[in-house]
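Read through the structure below, which is laid out as structure tokens, and then see the notes.
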Amino acid sequence: MLLVLPPSRGQSPGAAGSPGLDLAALSLPELTAARRRLLAALAGSPHDPAGQPTAPAAEVFTGVLYAAAGLPGLLRRPAIADRVRRDVLIALPLLGLVGAADPIPASRLAPGPIPGVGGLGAFWRAELACLDARVAGELVVDLRSAEFMQLWRPPATADWVSVRVEQEVDGVRRVVSHHAKHLRGVLVHHLLTSRGAVPTDAAALLRTARTLARSGRIRAAELAPPARPGTPGRLTLVQD
């Protein structure tokens, strides 16, 4: 299972005096050359991370999803820390995909065009093809919005599932936004800490999500298959 998270607007930069960005310390070393190329294109711009302190990605991002996921605490639990390092990647326009424990600077770079590089969506999609073999036959649980989904799309060989949150009021369903981030974080925490076998496909993901309903944290969980080839299936969490 691979959990793919978005960055958050809420960020807490590393403490003054913390080390600067070291590309050799990041997950997915296959991306080092691409990362170096993008950083060179950003040199001297407002998004240039040169000289900025770093902190583990799980501590830099402090938004609603991350508050509910509680990744810093999980990284301090020996029985779960390796699972977090292995199963969580965060989409970041500055660096492609990074691990939860990777030391990164705060960055609000949007996935738009960069002079000399082009659109970051196309740039990173080409580079992140290196992940295709890793996720072949694996479950990919995608918590990203469409804005960050453009950075990487799992291959057809993966069991790709996005997560949506709806609210039911008087029998009518509607998509929710702000609280959706909280429930996505709750799901991330639940998937990383649940006892038993780690979900390996969409059906197993649904069974695990339904334990949140039995605990009263959501009303229901539902699964829809991909609408067409090249798109994710959809896990819907229904809140009261």
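FYI, it's all coordinate maths here, none of it is from the lab. Predicted, not measured: the structure shown is a model, and the values here were computed from it. A quick note on method: Cβ atoms are made from the backbone with ideal geometry, for glycine too, and the neighbour counts reach across all protein chains shown.
At 1.306 mPa s and 10 °C, plugging the Kirkwood radius over alpha-carbon pairs of region 1-70 into Stokes-Einstein gives what diffusion coefficient in µm²/s?
It comes out at roughly 116 µm²/s.
Going by the alpha-carbon gyration tensor, a ≥ b ≥ c the square roots of its eigenvalues, is region 82-178 rounded (a/c under 1.5) or, if a/c is not under 1.5, prolate (a/b greater than b/c) versus oblate? Write out the running numbers ahead of the final one.
Numbers: a/c = 1.72, a/b = 1.38, b/c = 1.25.
It comes out prolate by the Cα gyration axes.
When DSSP assigns beta bridges and you keep just the ones with both residues in the chain, what percent turn out antiparallel, to the nearest 5? Numbers along the way, then the final one.
Numbers: 18 of 35 bridges.
That works out to approximately 50 percent antiparallel.
Among 48, 87, 170, 132, which comes first, then next, by fewest other beta-carbon atoms within 10 Å? Present the calculation step by step, with values, prior to reporting the outcome.
On the way: 48 17, 87 20, 170 4, 132 14.
Neighbour counts put them in this order, fewest first: 170, 132, 48, 87.
What percentage of all Cα-Cα pairs in region 50-93 are separated by more than 15 Å? Could the numbers behind the result be given before it?
Details: 443 of 946 pairs.
In whole percent, the share of Cα-Cα pairs in region 50-93 beyond 15 Å is 47.
Classify region 194-240 from the C-alpha gyration tensor, please: rounded if a/c falls under 1.5, else prolate or oblate depending on whether a/b exceeds b/c. Please report the intermediate quantities before stating the final value.
Details: a/c = 3.87, a/b = 1.38, b/c = 2.81.
It comes out oblate by the Cα gyration axes.
Label residue 223 and residue 33 with points 7 Å out from Cα along Cα→Cβ: what is the distance between them in nm?
It works out to 3.9 nm between the two label points.
Output the relative contact order of region 2-239, whole-number percent, from Cα pairs under 8 angstrom with separation of 6+ residues. It would help to have the intermediate numbers written out before the result.
Values: 433 pairs, mean separation 50.2, N = 238.
Relative contact order here is 21 percent.
Which helices count as membrane-span-like in the chain under these terms: full DSSP H, at least 27 Å along the axis by C-alpha, Kyte-Doolittle mean of 1.0 or more?
none
Taking θ = phi - 60°, what integer Hz values does the Karplus form 6.51 cos²θ - 1.76 cosθ + 1.60 yield along region 156-168, in sequence order, with x for Gly and Pro?
Listing the rounded values in order: 4, 6, 8, 8, 8, 10, 8, 10, 10, 10, 10, 10, 10 Hz.
Shape of region 25-156 from its Cα gyration tensor (a ≥ b ≥ c, root eigenvalues): rounded if a/c is under 1.5, otherwise prolate when a/b > b/c, or oblate?
On the way: a/c = 1.75, a/b = 1.23, b/c = 1.42.
Here region 25-156 falls in the oblate category.
Give me the percent of Cα-Cα pairs in region 161-240 that sit more than 21 Å apart, rounded to a whole number.
Values: 799 of 3160 pairs.
When all Cα pairs of region 161-240 are counted, 25 percent exceed 21 Å.
Given the DSSP H assignment, sum -39500 (n - 2.57) over each helix run of at least 4 residues in the chain and divide by its residue total; what's the result at 222 nm in deg cm²/dmol, nearest 500? Display every interim value, and only then the final one.
On the way: 10 runs with 81 residues, N = 240.
About -9000 deg cm²/dmol.
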